Amino acid sequence: MSWITEYVRPKLRGLLRREVPDNLWTTCESCNQMLLSKELRKARNVCPHCGHHMRALVADRLKWTFDNGVFSRIELPQAPVDPLGFRDQKKYTDRLKDARAKSHEDESLAVAHGTIGGHPAVVAVMAFEFMAGTMGAAFGERFVAATRLAILQKSPLVVFTASGGARMQEALSASCRCRAPR
Ligand SMILES: [Zn+2]
């Protein structure tokens, strides 16, 4: 091995690896303008050029909604997993595992409470980043929990919707397990 392969090449690789990170720029879905991701987040995902509202992650949505970004997420019920033993190219249980790892959310609905403009409020945010915000049994149970909490606190329930519809892996019968709040 020469000094070129031992010393120069690794150095060059190191330099090349210090490339621009993938998420530094975001392209506006509406006007195709390249936007600095950091600036876009400061503008709460609203394009400064055309005013287009881009998708927001659950974590950001909650931070932006509550006063001073302060809120508490509530512990939510876990529904039975994979009621149909569904499998397409992958097992449904594996898809759930992947979705949890990628989105850092444990289901397609997150619920938190705090204050908005000084008023107590419960906020439920659908996580499009979790299996396109699809609704299964867990979603139903969580929505009921959010409603119950709002009734208990006598506070408004604000819901941010972002959904791809019913989750096919659980089918309609499973997603209709949700009960009306008592
Ligand atoms: Zn735009």
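Being closer than 30 Å to LEU109 by Cα, at pLDDT below 95 and either in contact with a strand residue (DSSP E or B) (Cβ under 8 Å, 6 or more places away or on another chain) or surrounded by 11 or more Cβ atoms within 10 Å (Cβ to Cβ) (or both) is a property that GLU29 has. Put simply, of GLU105, GLU129 the only residue that is touching a residue at least 24 places away in the same chain (Cβ under 8 Å) and in contact with a Lys or Arg (Cβ under 9 Å, 6 or more places away or on another chain) is GLU129.
Elements of the type helices (runs of 4 or more DSSP H) sitting completely within the stretch 73-182 and holding at least 2 residues that are among the β-branched types (Val, Ile, Thr) and more than 20 Å from ASP60 (Cα to Cα): these cover 137-153. For PRO77, state whether it is assigned by TED's automatic domain parsing to the domain that holds MET131, within 20 Å of LEU157 (Cα to Cα) and of a type outside the set (Gly, Ala, Ser). So PRO77 passes the test. Only one entry in ALA79, ALA59 is touching a helix residue (DSSP H, G or I) at 6+ places or on another chain (Cβ under 6 Å), surrounded by 12 or more Cβ atoms within 10 Å (Cβ to Cβ), under 23 Å from ARG148 (Cα atoms) and in contact (Cβ under 8 Å) with a residue 12 or more places away in the chain, namely ALA79.
How many residues, within the stretch 32-42, are near the ligand (Cβ under 8 Å from one of its atoms) and exposed (fewer than 13 other Cβ atoms within 10 Å of the Cβ)?
Result for the stretch 32-42: 1.
Okay, residues lined up against (1) within 16 Å of the ligand (Cβ to nearest atom); (2) of a type in the set (Asp, Glu); (3) at positive phi:
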residue	(1), (2), (3)
SER30	yes, no, no
ARG44	yes, no, yes
MET54	yes, no, no
LEU62	no, no, no
ASP67	no, yes, no
VAL70	no, no, no
ARG73	no, no, no
LEU76	no, no, no
TYR92	no, no, no
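Look at PHE86 and say whether it is at pLDDT 95 or above, closer than 25 Å to GLU141 by Cβ, surrounded by 12 or more Cβ atoms within 10 Å (Cβ to Cβ) and among the aromatic types (Phe, Trp, Tyr). Spelling it out, it is not the case that PHE86 is at pLDDT 95 or above, closer than 25 Å to GLU141 by Cβ, surrounded by 12 or more Cβ atoms within 10 Å (Cβ to Cβ) and among the aromatic types (Phe, Trp, Tyr).
The values are calculated or read from the model by the stated rules, or taken from the named source; none is laboratory data. Note that the coordinates shown come from a computational prediction; the quantities given were computed from them, not determined experimentally. With ideal geometry, Cβ positions are generated from the backbone for all residues, glycine too; neighbour counts draw on all protein chains shown.
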